[in-house]
Structure formats: C-alpha cells, structure tokens
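Have a look at the structure below, then the notes.
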Amino acid sequence: MHFRVSKFCLLTKNELVLKNIMVDTASKTGYISQIIGPVVDIQFPSGDLPKVYNAVIIGTGDSAITCEVQQLLGNNKVRAVSMTSTDGLKRGASVLILVRQLQFQ
C-alpha cells in the first residue's frame, strides 16, 4: 500500500521518500514546540500557517516524518498528527509546509 503526499513525497508502509520539495522555505518553515506521542505542536514565527488537513514534513531524507495538521491553536501554532513514529524527534526541529492535503491511494 502506498500513500502519496501530492507529487512531492511517496509514503510506503514504514518509510518516506522525498522528491523535489519545492517550497519557499523562508516563509514556510516552522519548528516543533511540543511532542506528546504521535501529536506534534508546531510554531510558525512568520505567521504563515498551513491549512487544516494539509501535510507538513519534519526533517529530510529517509528520516523525514509526515504529519497532518488537525487544529489551529492560535499564537502562530498548529497541532498535527504524525503518520509514523515520532521516536527521536526533538523540540526545535525544522518543519516545512506542503501546500496539499494527504492523498491516499
């Protein structure tokens, strides 16, 4: 079974392969402010928040984690749910916004 996050990434059962993420990283970058199990709170200092149900990517390469935004918390923060394990994530890790929602195939 494959999960596709727009044309940018392909998520198989337990791995994520990133391909050509093209975003304006200056305005679309945030950082992790809190982690509770699979739930990740992310702050975007620029105020450019992702929409609910949009995907965000934490990290790069094989260790990248895809999350789906579930709630806007206010104060430039969102709450997202990870699609894989959050083991090894740390507060302050960089987060990129994808401009599309998760699409499952």
Q: Please verify whether the stretch 92-103 includes one or more residues that are hydroxyl-bearing (Ser, Thr, Tyr) and under 11 Å from the mean Cα position of the chain (by Cα).
A: yes
Q: Considering only the stretch 11-62, state which residues are at pLDDT below 80 and of a type in the set (A, V, I, L, M, F, W, C).
A: LEU11, LEU16, VAL17, LEU18, ILE21, MET22, VAL23, ALA26
Q. Residues in the stretch 38-60: is at least one of a type in the set (Ser, Thr, Tyr) and either in a strand (DSSP E or B) or crowded, with 16+ Cβ neighbours inside 10 Å (or both)?
A. no
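The values are calculated or read from the model by the stated rules, or taken from the named source; none is laboratory data. Here the structure is a predicted model, which is why all the values come from computation and not from measurement. Every residue, glycine as well, gets a Cβ built from its backbone with ideal geometry; the counts of neighbours run over all protein chains shown.
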